[in-house]
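The values are calculated or read from the model by the stated rules, or taken from the named source; none is laboratory data. Fair warning: this is a prediction, and the values are worked out from it, not measured in the lab. When we count neighbours, we look across all protein chains shown, and the Cβ atoms used for this are built from the backbone with ideal geometry, even at glycine. In case anyone asks, the SASA skips ligands and DNA or RNA and just uses the protein heavy atoms, side chains included. Shrake-Rupley method; radii C 1.70, N 1.55, O 1.52, S 1.80 Å.
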Amino acid sequence: MTALYTAEATASGEGRDGRTRSSDGVLDLELSVPKELGGPGGEATNPEQLFAAGYAACFHSALRVVARRAGVSADDSTVTARVGMGPDGNGGYGLSLSLRVGLPGLDRQRALELAEAADGVCPYSNAVRGNVEIELEVE
């Protein structure tokens, strides 16, 4: 694959209790381990929140593309991504993913068809397919 765009970010400090910064400086965030994982939580973000935000935005773009191709309005659409992290049973950790798609004004079946089509187009979905099960639901 020839990359059309490459994002670059560097993490420093203590990993999950550190900082991450994009090469252009637009993203510059403090990181903190969530309370649920034994950390202090607080005002800082964490890798799972960043992944959820990126996945939701990318999937939403894919959803709008497939809706436009199908001649369907996705003007009020939303995508909420949930990224969970926990033990994988092999001594490491794994992720769980769920995507909740809102397509107001469409019946559930048509919304599900568009969400499934977006799942086939979205680069994030394509990257994790076969490694992480994605739960896809429509409102």
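One table, with the values for the structure above:
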{"read-out": "Test for T10: is it among the polar types (S, T, N, Q), more than 28 Å from A118 (Cβ to Cβ), at pLDDT 95 or above and not assigned by the TED database to the domain that holds V101", "value": "yes"}
{"read-out": "Residue in the stretch 120-127 that is outside the structural domain of A9 (by the TED database), surrounded by 13 or more Cβ atoms within 10 Å (Cβ to Cβ) and more than 19 Å from the chain's Cα centre (by Cα) present", "value": "no"}
{"read-out": "Complete set of residues in the stretch 90-99 that are without any contact (Cβ under 8 Å) to a residue 40 or more places away in the chain and open to solvent by less than 70 Å² (accessible area, probe 1.4 Å)", "value": "G92, G94, S96, S98"}
{"read-out": "Counted residues, the stretch 91-131 - those being within 22 Å of M1 (Cα to Cα) and of a type outside the set (S, T, N, Q)", "value": "12"}
{"read-out": "Odd one out for D24, checked against (1) outside the structural domain of E113 (by the TED database); (2) surrounded by 14 or more Cβ atoms within 10 Å (Cβ to Cβ)", "value": "(2)"}
{"read-out": "Test result for V33, surrounded by 16 or more Cβ atoms within 10 Å (Cβ to Cβ), more than 13 Å from the chain's Cα centre (by Cα) and farther than 17 Å from V138 by Cα", "value": "yes"}
{"read-out": "Conditions (1) at pLDDT 95 or above; (2) out of contact with any Asp or Glu (no Cβ under 8 Å at 6 or more places or on another chain); (3) over 30 Å from E14 (Cβ atoms): number failed by L50", "value": "(3)"}
{"read-out": "Given (1) open to solvent by 20 Å² or more (accessible area, probe 1.4 Å); (2) within 24 Å of G130 (Cβ to Cβ), index of the condition A62 fails", "value": "(1)"}
